[in-house]
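Trainee: One structure coming up, written as structure tokens, with questions to follow.
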Amino acid sequence: MAKQFSSLVGLLFHEISHNYFPFYMGTNERKYAFMDEGWAAFLPTDIIEEYIPGYDYFKREVDGYVSLAGQEIELPLMIPTFQHNNWSSSRVAAYTRPAVAYQMLRETLGDDVFKKSLLEYMNRWAGKHPIPYDFFYTIEDVSGQDLYWFFNPWFFESGYPDLAIDELTSTNELLIKKKGQFPVPIDITWWTEDGSSQNKYLSPEIWKDGQDKIGVQLPADSKIVKIKLGNDHIPDVDKEDNIYVVE
Ligand SMILES: [Zn+2]
């Protein structure tokens, strides 16, 4: 029953989202499915979690994407939908990868700028036929940011998201490697000797200069015993290198 109800609520809000994409915005699903199915997969996230507390809708999107991310059959979003000849790869390209990419964009811009940019994209292109470049351009124009570093990997390239803990220095600087090509947020939880834990979050923007390693300073006077990188809402194809236990 619970599963049926969550599926029903999910489907309902998915289909309501289609009123906007593609019926308000004349996007071409046959060519760029991510321009409507991706939004219909992403937009219901907050409201589904509000209607069904404890049902982690977005984790399912992340898991669906990660199950195929970076594999040989997974194609970049800009490859036209009609080129797919594999059911799994076309599902990931239409639904889960763009839903995750839109959430990563939201975390990059922050809620307010993301919402303002998205609404302006809709205002400018309602009743017309936007292509992906119209979306990229409008978001850059309204946010006033050069987002090449974000749009290029997430929409144009093959690759995957994968962060890893490299090491914790003697002064408690945590070195984090970006092993995958795709920029994702850094979410660090660390535990100290007394059993308490703390958390630090950095948006995907931290990777905008193209570096593949960064250092994050944790409290230098803390006796850190364990560190965890990431959470269920951040895609990461290899989580085995996301836990660090201080010997
Ligand atoms: Zn749909």
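Trainee: Take region 50-67 and flag every residue that is among the hydrophobic types (A, V, I, L, M, F, W, C) and not in a loop (DSSP other than H, G, I, E, B). Reasoning before the result, please.
Mentor: Quick first cut of region 50-67, residues among the hydrophobic types (A, V, I, L, M, F, W, C) only: 52, 58, 62, 66.
Listed by number, the residues that qualify are Phe58, Val62, Val66.
Trainee: Additional query: I want to confirm something. Restricting to region 135-183 and keeping residues that are of a type in the set (Ser, Thr, Tyr) and not in a helix (DSSP H, G or I), which single residue is most open to solvent (accessible area, probe 1.4 Å)? It would help to see each step written out before you state the result.
Mentor: Step one: list which residues in region 135-183 are of a type in the set (Ser, Thr, Tyr), which gives 137-138, 143, 148, 158, 160, 169-171.
Among the residues that remain, those that are also not in a helix (DSSP H, G or I) are: 158, 160, 169-171.
Values: Ser158: 78, Tyr160: 70, Thr169: 35, Ser170: 119, Thr171: 78 Å².
Ranking the candidates gives Ser170 first.
Trainee: Out of the residues in region 37-58 that are away from the ligand (no atom under 16 Å from the Cβ) and among the aromatic types (Phe, Trp, Tyr), state the one that is nearest to Ala99 (Cα to Cα).
Mentor: In this case the residue turns out to be Phe58.
Trainee: Sort through Lys223, Lys178, Lys208 and tell me the only one that's more than 21 Å from Ala101 (Cβ to Cβ) and at pLDDT 95 or above. If you could, list the steps in order and put the result at the bottom.
Mentor: Details: Lys178 fails: more than 21 Å from Ala101 (Cβ to Cβ); Lys208 fails: more than 21 Å from Ala101 (Cβ to Cβ).
Lys223 is the lone residue from the list that is more than 21 Å from Ala101 (Cβ to Cβ) and at pLDDT 95 or above.
Trainee: Criterion first (farther than 27 Å from Glu74 by Cβ, in a strand (DSSP E or B) and open to solvent by less than 60 Å² (accessible area, probe 1.4 Å)) does Gly215 satisfy it?
Mentor: Working: farther than 27 Å from Glu74 by Cβ: yes; in a strand (DSSP E or B): yes; open to solvent by less than 60 Å² (accessible area, probe 1.4 Å): yes.
Taking the combined requirement at face value, the residue satisfies it.
Trainee: Would you check if Ile224 is under 23 Å from Gly70 (Cα atoms), outside the structural domain of Val113 (by TED's automatic domain parsing) and surrounded by 15 or more Cβ atoms within 10 Å (Cβ to Cβ)?
Mentor: It is false that Ile224 is under 23 Å from Gly70 (Cα atoms), outside the structural domain of Val113 (by TED's automatic domain parsing) and surrounded by 15 or more Cβ atoms within 10 Å (Cβ to Cβ).
Trainee: So is Asn199 of a type outside the set (D, E, K, R) and in contact (Cβ under 8 Å) with a residue 60 or more places away in the chain or not?
Mentor: Numbers: of a type outside the set (D, E, K, R): yes; in contact (Cβ under 8 Å) with a residue 60 or more places away in the chain: no.
It is false that Asn199 is of a type outside the set (D, E, K, R) and in contact (Cβ under 8 Å) with a residue 60 or more places away in the chain.
Trainee: Would you say Leu75 is away from the ligand (no atom under 16 Å from the Cβ), under 30 Å from Ala126 (Cβ atoms) and assigned to a loop (DSSP other than H, G, I, E, B)? Before you say what the answer is, go through the steps one by one.
Mentor: On the way: away from the ligand (no atom under 16 Å from the Cβ): yes; under 30 Å from Ala126 (Cβ atoms): yes; assigned to a loop (DSSP other than H, G, I, E, B): yes.
Taking the combined requirement at face value, the residue satisfies it.
Trainee: Scan Arg106, Arg97 and give me the residue that is crowded, with 23+ Cβ neighbours inside 10 Å and either away from the ligand (no atom under 16 Å from the Cβ) or within 17 Å of Phe182 (Cα to Cα) (or both).
Mentor: Values: Arg106 fails: crowded, with 23+ Cβ neighbours inside 10 Å.
Going through Arg106, Arg97 in turn, just one is crowded, with 23+ Cβ neighbours inside 10 Å and either away from the ligand (no atom under 16 Å from the Cβ) or within 17 Å of Phe182 (Cα to Cα) (or both): Arg97.
Trainee: Looking at (1) touching a Leu at 6+ places or on another chain (Cβ under 9 Å); (2) within 15 Å of the ligand (Cβ to nearest atom); (3) in a helix (DSSP H, G or I), can you tell me which one Ser89 breaks?
Mentor: Here Ser89 clears every test but (2).
Trainee: Checking Gly70 against (1) within 14 Å of the ligand (Cβ to nearest atom); (2) out of contact with any helix residue (DSSP H, G or I) (no Cβ under 6 Å at 6 or more places or on another chain); (3) not in a helix (DSSP H, G or I): exactly one of these is not met. Which one?
Mentor: All conditions pass for Gly70, except number (1).
Trainee: Also, I was wondering about something else. List, please: which pairs have Cβ atoms under 7 Å, are six or more places apart or on different chains, and start with a residue in region 90-114 that is within 16 Å of Glu157 (Cα to Cα) and end with one that is among the aliphatic types (A, V, I, L, M) and not in a helix (DSSP H, G or I)?
Mentor: Short answer, once both residue conditions are applied: Val92/Leu68; Ala93/Leu75; Ala93/Leu77; Arg97/Leu77; Pro98/Leu77; Met104/Val184.
Trainee: Cβ-Cβ below 7 Å, separation at least six or inter-chain, first residue in region 65-80 and farther than 14 Å from Pro235 by Cβ and open to solvent by 20 Å² or more (accessible area, probe 1.4 Å), second not aromatic (Phe, Trp, Tyr) and not in a loop (DSSP other than H, G, I, E, B): which pairs?
Mentor: Ile73/Ser88; Ile73/Ser89; Leu75/Ser89; Leu75/Ala93; Met78/Pro132
Trainee: Output the residue which, of all residues in region 12-36 that are open to solvent by less than 70 Å² (accessible area, probe 1.4 Å), more than 10 Å from Ala94 (Cα to Cα) and without any contact (Cβ under 8 Å) to a residue 24 or more places away in the chain, is nearest to the ligand (Cβ to nearest atom). Give the derivation first.
Mentor: Step one: filter region 12-36 for residues open to solvent by less than 70 Å² (accessible area, probe 1.4 Å), giving 13-14, 17-18, 21-22, 25-27, 29, 32-36.
Filter once more, keeping what is more than 10 Å from Ala94 (Cα to Cα): 13-14, 17-18, 21-22, 25-27.
If we keep only those that are without any contact (Cβ under 8 Å) to a residue 24 or more places away in the chain as well, we get 18, 21-22.
Details: His18: 6, Phe21: 9, Pro22: 9 Å.
It comes out as His18.
The values are calculated or read from the model by the stated rules, or taken from the named source; none is laboratory data. The structure displayed is predicted, hence computed values, not measured ones. Positions of Cβ are generated from backbone atoms using ideal geometry, with glycine treated the same way; all protein chains shown enter the neighbour counts. Side chains are part of the model used for accessible areas, which takes the heavy atoms of the whole protein and leaves out ligands, DNA and RNA. Shrake-Rupley method; radii C 1.70, N 1.55, O 1.52, S 1.80 Å.
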